[in-house]
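**Q** Sharing a structure with you now.
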Amino acid sequence: MLWVLTARTGAGGPACRETLTALEREDARFLRLTAMTPCAVADIVQDAMRANADASLLSLADKAPGNPFQPAELLRGLDEEGWLDVSGGRAVATGDTLPRRLSDTMQQRLDSLQR
């Protein structure tokens, strides 16, 4: 039998930590993932845009590294604010700041950790 569980470091409260500790004692296998590389972020951006991302878009994506959620939120926010131009197989960011959606979503996630 194969069980696959996911947990973020520091998330889930005492019950989650106790469960993970118990699983470790029973020699469960853990796969700890690190932050995505800039190359992986670029791949996600280009796959999502179905276009080659130019330096303007990749520069913004570099400001939202970590996990796939962040570049995805970046692209949603840029699209919502009209800061994306995709034509001729090329995706360009027309602004040079992060969209409000990204900071708002990150703040919501931080607030949820405090509950």
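The values are calculated or read from the model by the stated rules, or taken from the named source; none is laboratory data. Owing to the predicted nature of the structure, the values given are computational and were not obtained by experimental measurement. In this analysis, Cβ positions are derived from the backbone assuming ideal geometry, glycine residues included, and neighbour counts consider all displayed protein chains.
**Q** Report the residue count in region 67-92 for those that are touching a Ser or Thr at 6+ places or on another chain (Cβ under 6 Å) and within 21 Å of Met36 (Cα to Cα).
**A** Residues of region 67-92 that are touching a Ser or Thr at 6+ places or on another chain (Cβ under 6 Å), as a first pass: 73, 83, 85, 92.
Right, trim to within 21 Å of Met36 (Cα to Cα) and you get 73.
Count: 1.
**Q** A follow-up question, please. Which of the residues that make up region 83-98 are surrounded by 10 or more Cβ atoms within 10 Å (Cβ to Cβ), over 17 Å from Ala42 (Cβ atoms) and modelled with pLDDT of 90 or more?
**A** Trp83, Asp85, Thr94
Results for (1) at positive phi; (2) surrounded by fewer than 11 Cβ atoms within 10 Å (Cβ to Cβ); (3) at pLDDT 90 or above; (4) not hydroxyl-bearing (Ser, Thr, Tyr), shown as yes or no for each residue.
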{"position": "Ala11", "(1), (2), (3), (4)": "no, no, no, yes"}
{"position": "Arg17", "(1), (2), (3), (4)": "no, no, no, yes"}
{"position": "Glu24", "(1), (2), (3), (4)": "no, no, yes, yes"}
{"position": "Asp43", "(1), (2), (3), (4)": "no, no, yes, yes"}
{"position": "Ser59", "(1), (2), (3), (4)": "no, no, yes, no"}
{"position": "Pro65", "(1), (2), (3), (4)": "no, no, no, yes"}
